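Below is one structure, written out as structure tokens; the observations come after it.
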Amino acid sequence: MLNLDALDFISFKKGCYTGQEVVARAHYLGTVKRRMHRLLLPQGYLPQPGEAIHNSDNKALGTVVNAQISENQVEMLAVLSSSAIDCDQIIINDQKLAVKFLPLPYQVD
């Protein structure tokens, strides 16, 4: 979910580690349903790590990983479900926020 596979931080060719079976299954079956995304929000509300993200129908989309103020706007990293990519508005802690998806500095398959 944190795109560690896209950054080559996970090796699928060596030793055992905690969670290896789940990670390998997701990698080889291509069933990663949540990924980290970079978003731009209007200034006025700074989400906190761990806060839940919902859509306008109150369906859970994911979780805030980190957020910071940058040039009068808020940049946020969040782990989101694949269905969230089409959202232009999200709800965090009862705050309705316009959202724009920004590119990541690396390629995700």
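Readers should treat all values here as calculations from the given coordinates under stated rules, not as data from a laboratory. What you see is a predicted model, and the numbers here were worked out from it, not measured in a lab. Here the Cβ positions follow ideal geometry from the backbone for every residue, glycine too, while neighbour counts run over all protein chains shown.
Within 10 Å of each candidate Cβ there may be at most 15 other Cβ atoms; applying that plus a DSSP loop requirement, which chymotrypsin sites (Phe, Trp or Tyr not before Pro) in the stretch 40-109 survive? It would help to have the intermediate numbers written out before the result.
Details: sites: Tyr45, Phe101, Tyr106; in loops: Tyr45, Tyr106.
Counting only loop positions with at most 15 other Cβ atoms within 10 Å, the chymotrypsin sites (Phe, Trp or Tyr not before Pro) in the stretch 40-109 are Tyr45, Tyr106.
Among Gln89, Leu41, Asn66, whose Cα projects farthest towards the positive end of the dipole of the stretch 34-102, with charges put on the beta-carbon of Lys, Arg (+1) and Asp, Glu (-1)?
About the Cα centre, the residue reaching furthest to the positive side is Asn66.
If you take every residue apart from Arg38 with its C-beta less than 14 Å away from the C-beta of Arg38, what net charge results, scoring Lys and Arg +1 and Asp and Glu -1? The partial results should precede the final answer.
Details: positive: Arg35, Lys100; negative: Glu75.
Neighbourhood net charge equals +1.
Below 8 Å, C-alpha to C-alpha, sequence gap of six or more: please give me the relative contact order for the stretch 26-80 in percent.
Numbers: 100 pairs, mean separation 22.0, N = 55.
Relative contact order of the stretch 26-80: 40 percent.
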